[in-house]
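Enquirer: Below is a structure I'd like to ask you about.
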Amino acid sequence: MDTLVAALYIIAFSLFIYGLMGLTGPKTAVRGNLIAAVGMTIAVVATLLRVQHNWVLIIVGLVVGAALGIPAARQVKMTAMPQMVALFNGVGGGAVALIAWSEFRTSDGFAAEPLYVIVASLLAAIIGSVSFWGSLIAFGKLQELVPGRPIGLGRGQQLVNLLLLAGAIVCAVIAGLGGASQWWVIAVLLLAAALGVMVVLPIGGADMPVVISLLNALTGLSAAAAGLALGNTAMIVAGMIVGASGSILTNLMAKAMNRSIPAIVAGGFGGGGALPGGGDGVERTARATSAADAAIQMAYAAQVVVVPGYGMAVAQAQHAVRDMAKLLEAKGVEVKYAIHPVAGRMPGHMNVLLAEADVPYEQLKEMDEINDEFSRTDVTLVIGANDVTNPAARNDPSSPIHGMPILNVDESRSVIVLKRSMNSGFAGIDNPLFYAERTSMLFGDAKKSVVEVTEELKAL
């Protein structure tokens, strides 16, 4: 039986890796997900064969999890996908933390366990609890249940965080050295929970994509630690895959914002508040345009670049944008999509939305690839992308986002920005692009505005 279980685990994590390879492109992503799901099914079957008791409880857990997870995943709107990713990721960390507590309770306070099991279990408890509660706060910020602005203790924030971490480690050491009372492990979980909350609360909304990626990596590492404690090969490999890929993605996204991961964890950037014209006391005037004028500009352009942002996600305008692009292409206009690494509220948010609308993958251009083309672009259509198009990041040393790589849309011959109002983006800072000479604003719901432009294009 042990040989069979080991063989099934090898098959399972091989499918995990093969499925992950499929996620490198939209054409193979669905197949990759299905392959990984088959691998997870095999891992569950292998675990049932290995355990050989408490099957009823395990099956009940599987049924309850499926009953909660499947409807939630099927019914979630694309605009709420970042929240769901944060929540589901947090549940994984919480499960690992509970596993560590259970391991303590069922092994006589670690009295008979080897050192590596003790260390791995307590590490899983700390990281899993931080990930769970941190993910809940991230979910709350994205769902606007918690204010998106940084909420912290000012200069004392980092000291409090260090004290919580030190307290969790001290309690873990006491539990590992033979503190038989389960209250030591409970103290570890509670202190780590407080640490997770206190780390994420001061982080502003603009950093949420990086935070989600970082918490995802932490959940993977906690799962790997729990797998080491339980001797479960599939958990170790799956956890390390998630931890490694999440860490790489977090680093790439931090670089895309010109921010270090420690600076992001320290918090304080992004709040979602609106600032008046320029934020410097100088009144500026934005020039409004109409759907008819926008349609005329794009119909006679050689190249149009669409810059999608969270505004497109909120309005669910991706299908309308694709319909508009088809009309432009029929008129001989070349249409491309400029994707900033941190546009939206989670990694790859815009890619997912546009893939859902069947936008050809080759039309999606990453920031480094598209930036040189803006100077020869006739019209750039910005749909709710505020912070990633803000020229203050390039021109204003006093700006909080100075140095952050942006899409150079201000170099286009004409820029049309679709927004509901003049409110600032999720970073809480105003965008000088809106007041630029070559920029015009098309106010209103993004989907409705795009549909109106499409109708005007049909009439030309």
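The values are calculated or read from the model by the stated rules, or taken from the named source; none is laboratory data. Just so it is clear, the structure is predicted and the values come from calculations on it, not from any experiment. Here the Cβ positions follow ideal geometry from the backbone for every residue, glycine too, while neighbour counts run over all protein chains shown.
Enquirer: Only one of Ile169, Ile186, Ile203, Ile212 is touching a helix residue (DSSP H, G or I) at 6+ places or on another chain (Cβ under 8 Å), in contact (Cβ under 8 Å) with a residue 24 or more places away in the chain, among the β-branched types (Val, Ile, Thr) and not in a helix (DSSP H, G or I). Can you tell me which?
Expert: Ile203
Enquirer: Return the total of residues in the range 250-265 being closer than 17 Å to Pro202 by Cβ and in a helix (DSSP H, G or I).
Expert: Step one: filter the range 250-265 for residues closer than 17 Å to Pro202 by Cβ, giving 254, 257, 259-265.
Those still in the list that are in a helix (DSSP H, G or I) too: 254, 261-265.
So the count comes out to 6.
Enquirer: Then there's this: Starting from the range 356-370, take each residue that is closer than 10 Å to Leu407 by Cα and list its partners that are aromatic (Phe, Trp, Tyr) and surrounded by 13 or more Cβ atoms within 10 Å (Cβ to Cβ), counting only C-beta distances under 9 angstrom and pairs at least six apart or across chains.
Expert: Ile370/Tyr337
Enquirer: Let me confirm something: among Leu122, Leu163, which residue is in a helix (DSSP H, G or I) and free of Cβ contacts under 8 Å to residues at least 60 places away in the same chain?
Expert: Leu163
Enquirer: Of everything in the range 334-355 that's free of Cβ contacts under 8 Å to residues at least 40 places away in the same chain and in contact with an Asp or Glu (Cβ under 8 Å, 6 or more places away or on another chain), which residue is surrounded by the fewest Cβ atoms within 10 Å (Cβ to Cβ)?
Expert: Per the stated criteria, the residue is Lys336.
Enquirer: Same structure again: Answer with yes or no whether Val91 is within 24 Å of Gly348 (Cα to Cα), β-branched (Val, Ile, Thr) and part of a helix (DSSP H, G or I).
Expert: yes
Enquirer: Look through Ile339, Ile370 and report the one residue that is outside the structural domain of Asn89 (by TED's automatic domain parsing) and under 20 Å from the mean Cα position of the chain (by Cα). First the steps, then the outcome.
Expert: Working: Ile370 fails: under 20 Å from the mean Cα position of the chain (by Cα).
So the residue among Ile339, Ile370 that is outside the structural domain of Asn89 (by TED's automatic domain parsing) and under 20 Å from the mean Cα position of the chain (by Cα) is Ile339.
Enquirer: If Thr380 satisfies all but one of (1) touching a Pro at 6+ places or on another chain (Cβ under 7 Å); (2) crowded, with 24+ Cβ neighbours inside 10 Å; (3) over 30 Å from Asn216 (Cα atoms), what's the number of the condition it fails?
Expert: Single failed check for Thr380: (1).
Enquirer: Is there a residue being over 30 Å from Gly311 (Cβ atoms) and not in a helix (DSSP H, G or I) anywhere in the range 34-52? Before the answer, list the steps.
Expert: First pass over the range 34-52, keeping only residues over 30 Å from Gly311 (Cβ atoms): 34-52.
Remaining after also requiring not in a helix (DSSP H, G or I): 52.
The answer is yes; a qualifying residue exists.
Yes/no per residue for (1) buried (at least 22 other Cβ atoms within 10 Å of the Cβ); (2) farther than 21 Å from Ala224 by Cα:
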| site | (1), (2) |
| --- | --- |
| Trp101 | no, no |
| Phe132 | yes, no |
| Gln143 | no, yes |
| Arg155 | no, yes |
| Asn161 | no, yes |
| Val173 | no, no |
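Listed here are the residues, each with its yes/no results for (1) of a type outside the set (A, V, I, L, M); (2) more than 29 Å from Ser399 (Cβ to Cβ).
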position: Lys141; (1), (2): yes, no
position: Glu144; (1), (2): yes, no
position: Pro147; (1), (2): yes, no
position: Gly152; (1), (2): yes, no
position: Ile174; (1), (2): no, yes
position: Val188; (1), (2): no, yes
position: Ser222; (1), (2): yes, yes
position: Leu228; (1), (2): no, yes
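Enquirer: Based on this model, can you work out whether Pro209 counts as modelled with pLDDT under 90, within 14 Å of Ala138 (Cα to Cα) and surrounded by fewer than 24 Cβ atoms within 10 Å (Cβ to Cβ)?
Expert: Details: modelled with pLDDT under 90: yes; within 14 Å of Ala138 (Cα to Cα): yes; surrounded by fewer than 24 Cβ atoms within 10 Å (Cβ to Cβ): no.
Spelling it out, it is not the case that Pro209 is modelled with pLDDT under 90, within 14 Å of Ala138 (Cα to Cα) and surrounded by fewer than 24 Cβ atoms within 10 Å (Cβ to Cβ).
Results for (1) at pLDDT below 90; (2) part of a loop (DSSP other than H, G, I, E, B); (3) more than 20 Å from Ala37 (Cα to Cα); (4) small (Gly, Ala, Ser), shown as yes or no for each residue.
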site	(1), (2), (3), (4)
Gly61	yes, no, no, yes
Glu113	yes, yes, yes, no
Ser135	no, no, yes, yes
Arg149	yes, yes, yes, no
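Enquirer: For the range 26-75, name all the residues that are surrounded by 15 or more Cβ atoms within 10 Å (Cβ to Cβ), within 22 Å of the chain's Cα centre (by Cα) and of a type in the set (A, V, I, L, M, F, W, C).
Expert: Within the range 26-75, Ala29, Ala36 qualify.
Enquirer: Looking at the range 383-425, which of its residues are buried (at least 22 other Cβ atoms within 10 Å of the Cβ) and polar (S, T, N, Q)?
Expert: Selection gives Asn386, Thr389, Asn390, Ser412.
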